[in-house]
Amino acid sequence: MIKFILNNKDIATKLPPGMVLLDFVRYHQHLTGTKVGCNEGDCGACTLLVGELKNNEMQYRSLTSCLTPLGNVHGKHVVTIEGLNMEGLNPIQQAMYDESATQCGFCTPGFVVSLAGFCLSGKNASTQNAIAAIDGNICRCTGYKSIERAAAKVAALMQARSSTEPIVFVTENNILPAWFATIKQRLYFLSTELNGQLQPTTAKEWVGGGTDVYVQKHDVMKDASIRFLFDEGGLKGITQQGNRCIIGASATVTDLCESPILQLHFPRLADHMKLVSSTPIRNIATVGGNLINASPIGDLTIFLLALDATLVFRHGEQQREIPLRQLYKGYKTLDKDPKEQLVTISFDLPGAFTLFNFEKVSKRTNLDIASVNTAICLTMADDRIQWARIAAGGVAPIPKLLEQTSAFLGGQVITETTIQEAIAIAQTEISPISDARGTADYKRLLLGQLMKAHFLELFAKAAH
């Protein structure tokens, strides 16, 4: 039995836990404001909010309901566009209306839900943050400037919040319905009723955030026997042990973005993570899923290859460590037993003399996979590279560690000649193919340009 709160209604259902949330709200609860768009997490028309108790506080995230199984909302609060309705238009809807930010209206519920998520997030009430909250929503007929003006009005609504808890502020100021204030206590009581998460011992499928498997096997997953990993406590968290960062396999991209440990050691972390899909996807996509998916262009895979990450797999009582660079044996082929489960990812945190950068080119900034992506990690001694590791995606059948290029850079002084020689070596290590994201020649060109971008970012004066 799956139990959760849907808007202001308690839900208990015996429907398959592998059914996606979008189908449940539309076809079983008849809440048709949530739209069926791409079914791949790309358009944002199906955006919902999911709230849960964390450290005795409510935390709301936007997500794409077309990729979210019912099993992942067990014990949580789900909010659809209908749940945001008040007598007349709520202030978010009014802002969209005032700024003529809707035309056909198909995408509008998703925008309103995402902006409600911004109001509940506790983030600084800036126009920039409000616009960032809708980076997972696409509109094809209105024009984004009017939507951005509406987002700015929503940000202005929140500027008086100060240190007030977001739910208290939005309910007391009639931005969202008053019953939101009751959810925290209701979820607490619900949590005492639940018998843990749904974990069948005979599960044949393992699901984290679902952002890839539900694109690839949507129909199969509905009735599958699934072990849900997304909320498994032992797979969550980002911690530091000595100089080692330990990431649980079910930590999300948003968890990376918000980690004080990573923010401290990666000054441009926010810029790097903005290149990874969109806010609703980052909220549910897991680090482990990105690695095990084995995509040749996985953003986090390239990021972690450059950091020489180590993986820990578990099967029963046995554990096995393997460097990430040894995991990929061929296209979508892993050095992993099907019964093994990824538990943690770890790497040495950058020190004072270690530099890191991540670059990506895709057809659009958000909601897109890379044509080519690349990351570099360098340790410097005086003006010389002591140690180097550079990785690239989209240029080979597997996420590629450029070993010869990395070895060449060790001991080098950064000059224009050094950079050009490194690019030339990199070209001998890759084997891109022509596909929908670009020709092989274009990808070769991109890698060279992005390698230059690494050095321009890290050594601007020397690279000129």
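What the phi angles of region 37-53 give under the Karplus curve with 6.51, -1.76 and 1.60, with θ = phi - 60°, is a coupling list of x, 7, 6, 10, x, 9, 9, x, 5, 9, 4, 10, 10, 10, x, 8, 7 Hz, glycine and proline written as x. Rounded to 0.05, the FRET efficiency of the residue 445 and residue 156 pair, given R0 = 35 Å and the Cβ-Cβ distance, is 0.20. With the whole protein complex present, residue 328 retains an accessible surface near 20 Å², based on a 1.4 Å probe. Seen against the Cα atoms of the chain and their longest principal axis, helix 144-157 is set at about 70 degrees.
With all protein chains in place and ligands, DNA and RNA left out, the 1.4 Å accessible area ranks 98, 441 as 441, 98, largest first.
Residue ranges 107-117, 365-375 sort as 107-117, 365-375 when ordered by packing (mean number of other C-beta atoms within 10 Å per residue, highest first).
For region 345-436, how big is the tail of P(r) above 20 Å, as a whole percent of Cα pairs? For region 345-436, the fraction of Cα-Cα distances above 20 Å is 42 percent. Averaged per residue, the chain has 43 square angstrom of accessible surface, using a 1.4 angstrom probe with ligands and nucleic acids left out. Cα gyration tensor of region 19-134, axes a ≥ b ≥ c as square roots of the eigenvalues: rounded (a/c below 1.5), prolate (a/b > b/c) or oblate? Judged from the Cα gyration tensor, region 19-134 comes out oblate (a/c at least 1.5, b/c at or above a/b). Fraction of C-alpha pairs exceeding 35 angstrom in the chain: 34 percent, rounded to a whole number. Solvent-accessible area of the chain (1.4 angstrom probe, protein heavy atoms only): carbon and sulfur portion equals 50 percent. With R₀ set to 22 Å, the beta-carbon distance separating residue 205 from residue 40 gives a calculated FRET efficiency near 0.75. Loop-located GluC sites (Glu not before Pro) across region 263-348 with a Cβ neighbour count of 12 or fewer within 10 Å are 317, with loop assigned by DSSP. Placing dummy labels 7 Å off each Cα toward the beta-carbon, the span from residue 141 to residue 191 is 4.4 nm.
Compared with the dominant Cα axis of the chain, that is its longest principal axis, helix 440-458 is turned about 90°. Accessible surface ranking for 384, 282, 1.4 angstrom probe, highest first: 384, 282. If the segment from residue 403 to residue 219 were pulled out straight at 0.36 nm per residue, it would be longer than the present Cα-Cα gap by 62.2 nm. The figure for residue 26 is an accessible area of roughly 50 square angstrom, using a 1.4 Å probe on the protein chains alone. For region 39-147, the relative contact order comes to 34 percent (Cα pairs under 8 Å, sequence separation of at least 6). In the chain, the longest principal axis of the Cα atoms and the axis of helix 108-121 are about 80 degrees apart. Rounded if a/c is under 1.5, else prolate if a/b is larger than b/c, else oblate: which is region 300-458, with a ≥ b ≥ c the root eigenvalues of its Cα gyration tensor? Oblate, because a/c is 1.5 or more while a/b does not exceed b/c.
Over the residues of the chain, the helix contribution to mean residue ellipticity at 222 nm works out to -9000 deg cm²/dmol, using -39500 (n - 2.57) for each DSSP H run of at least 4.
Residues of region 284-305 falling in the label zone of residue 387, defined by backbone nitrogen less than 15 Å from a point 7 Å along Cα to beta-carbon, are 305. Label-to-label distance, residue 97 versus residue 315, with points set 7 angstrom from Cα along the beta-carbon direction: 6.1 nm. When the listed pairs 336/452; 14/35; 123/184; 14/184; 204/363 are checked against a 28 Å cut-off, the alpha-carbon distance exceeds it for 336/452; 204/363. Within the assembled protein chains, the solvent-accessible surface assigned to residue 163 is about 110 Å², based on a 1.4 Å probe.
The values are calculated or read from the model by the stated rules, or taken from the named source; none is laboratory data. Source: prediction; values computed, not measured. Neighbour counts are summed over all protein chains in view; Cβ atoms, including those assigned to glycine, are modelled from backbone coordinates with ideal geometry. For accessibility, only protein heavy atoms count, side chains too; no ligands or nucleic acids. Shrake-Rupley method; radii C 1.70, N 1.55, O 1.52, S 1.80 Å.
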